[in-house]
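Structure first, then comments.
The values are calculated or read from the model by the stated rules, or taken from the named source; none is laboratory data. All of these numbers come straight from a predicted model, not from anything done at the bench. Cβ placement follows ideal geometry from the backbone for every residue including glycine, while neighbour counts extend to all protein chains displayed. Only protein heavy atoms, including side chains, enter the accessible area calculation; ligands, DNA and RNA are left aside. Shrake-Rupley method; radii C 1.70, N 1.55, O 1.52, S 1.80 Å.
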Amino acid sequence: MSSLNQIVAKNIVKLRKKAGLSQLELVSCSDVAPEIISNIEHGIGNPELQTLDRIAGALGTPISELFEEEPCPSQLDILCEFLWENSRNKAEEK
């Protein structure tokens, strides 16, 4: 299991990139200092809830999304992905 700081860091980076924002653009939109954004994205420190709320607002997402951990793929998901890739490769060979 990932630490909460790592989960928040990964989610903020993912959401920021999905929104097409650089760190500096996120700084501008959220009114959070650049070094704080950088530290949060590297999983360093313990940001205040208000800071995370401003970042979430700038990203247009509920703050709860910053804390969501991605589920691990099940073995069935892994098997399905393998079979899909295998069948696609065989189709390309023909």
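Results, tabulated for the structure shown:
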item	result
Segment 2-24 residues that are over 14 Å from Thr61 (Cα atoms), paired with ones that are of a type in the set (Asp, Glu) (beta carbon under 6 Å, 6 or more apart)	Ile7/Glu69; Ala9/Glu41
Which numbered condition Ile36 fails, given (1) without any contact (Cβ under 8 Å) to a residue 12 or more places away in the chain; (2) open to solvent by less than 90 Å² (accessible area, probe 1.4 Å)	(1)
Residues (out of contact with any helix residue (DSSP H, G or I) (no Cβ under 9 Å at 6 or more places or on another chain) and closer than 15 Å to Glu68 by Cα) located in segment 11-53	Lys14
Lone unmet requirement of (1) of a type outside the set (Lys, Arg); (2) at positive phi; (3) open to solvent by 40 Å² or more (accessible area, probe 1.4 Å) for Gly43	(3)
Matching residues, segment 47-81, being modelled with pLDDT under 95, more than 20 Å from Lys18 (Cα to Cα) and exposed (fewer than 11 other Cβ atoms within 10 Å of the Cβ)	Cys72, Ser74, Gln75, Leu76
Identity of the residue in segment 1-33, in a loop (DSSP other than H, G, I, E, B) and not polar (S, T, N, Q), that ends up surrounded by the most Cβ atoms within 10 Å (Cβ to Cβ)	Val32
Odd one out for Glu92 among (1) of a type in the set (Asp, Glu); (2) part of a helix (DSSP H, G or I); (3) modelled with pLDDT of 85 or more	(3)
